[in-house]
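Shown next, in structure tokens, is the structure this report addresses.
All of the numbers you see were taken from the coordinates with simple rules; none came from a lab. What you see is a predicted model, and the numbers here were worked out from it, not measured in a lab. Note that each Cβ is placed from the backbone with ideal geometry, even for glycine, and that neighbours are counted across all protein chains shown.
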Amino acid sequence: MRRLAACLMLLTLAAALAAAASVDGTWIAEAPGRNGTVAVTFTFRSSGDAVQGYVDSQDRRHSITDGRLSGNRLTFKIVVPEGGDLFHEGIVRGQTISFSRYARLGGQAPNAPVEFTARKAN
């Protein structure tokens, strides 16, 4: 009986680990910007449910803050120098992340979200 319980616990743990999405590495996207489409590179590294990294776009690098990965749901924000935050919510599906991004700038109400897809580069 103990062996059966131990095997079931190991199988449950293995299934949970397999279900967790992996975002570690570099992802590339063409995202809508103020003046058209912008090339964006995301670099993620995760530890447990915490996600760190940075976003490169238009010759600028922004650090990711408040990054979390729960199952296949990725959330984080970046602070922009103009005085505000860009919030990102994504669904990880293998080699792609479907993002919805909205900005909250200068204490104003958030703008309408924009959607785009990032693809795993490595």
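Work out from phi, with θ = phi - 60° and the Karplus expression 6.51 cos²θ - 1.76 cosθ + 1.60, the ³J(HN,Hα) of each residue of the stretch 77-94, listed in order in whole Hz, and give x for Gly and Pro.
9, 10, 8, 9, x, 6, x, x, 10, 10, 9, 10, 10, x, 10, 8, 9, x
I need the calculated FRET efficiency for the pair Gln108 and Asp59, taking r as the beta carbon distance and R₀ as 22 Å, to the nearest 0.05.
That pair, Gln108 with Asp59, gives E of 0.30.
Please list 3J(HN,Hα) in residue order for the stretch 55-61, calculated via the Karplus relation 6.51 cos²θ - 1.76 cosθ + 1.60 where θ = phi - 60°; whole Hz, with x for glycine and proline.
Each residue's phi maps through the Karplus curve to give 10, 10, 7, 6, 6, 10, 10 Hz.
Would you mind working out the magnitude of the charge dipole of the stretch 21-120 relative to its Cα centre, with +1 at each Lys and Arg C-beta and -1 at each Asp and Glu C-beta, to the nearest 20 Debye?
Around 120 debye, computed over the stretch 21-120.
Between Ile28 and Asn72, what length in nm is gained on full extension when 0.36 nm per residue of separation is reduced by their alpha carbon distance?
14.0 nm
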